[in-house]
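Where a number appears in this text, it was derived from the coordinates with a stated rule and is not lab data. Owing to the predicted nature of the structure, the values given are computational and were not obtained by experimental measurement.
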Amino acid sequence: MKYIDSPLYPSPYPSLGMGCTVHYGSSCYPATIVKVSPSGKTITIQSDEARRLGEHDQNSPQVWDIRPDVEGKIETATLRKYGGWKISKSDSLHVVLGTRSKFIDFGI
């Protein structure tokens, strides 16, 4: 299995404590890698806490204070043949390593 290096997957080698972003449609949710399998093909991630700063209406810029959450939801993601990561047992939840971001698409 090959890792790819592209703008969509900026940090292809997972490491403990690395930030990541789970993409669900056009919304994004931050997480942290809490475990990496010996093969490097499976990671366990934990959802981060994200608190919105500034205005809270859907037309204002979304600025978030993101911090690790020791009580956050834990999920497993696997490396796919094309080089990207997906949440296990899901075809629609993509994971991008190396960056933490949150964005809520209010149009969904």
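When the gyration tensor of segment 66-108 is built from Cα positions, what are the square roots of 5 times its three eigenvalues, in whole Å, from largest to smallest? Please report the intermediate quantities before stating the final value.
Details: eigenvalues 78, 48, 27 Å².
Semi-axis lengths for segment 66-108 are 20, 16, 12 Å.
Of all aspartates and glutamates in the structure, the ones whose alpha carbon falls short of 18 Å from that of LYS89, not counting any fewer than 8 places away in one chain, are GLU75. A straight chain from SER37 to ILE74 at 0.36 nm per residue would run longer than the Cα-Cα distance by 11.8 nm.
Put simply, the Cα atoms of the chain extend 44, 27, 24 Å along their principal axes, the longest span coming first.
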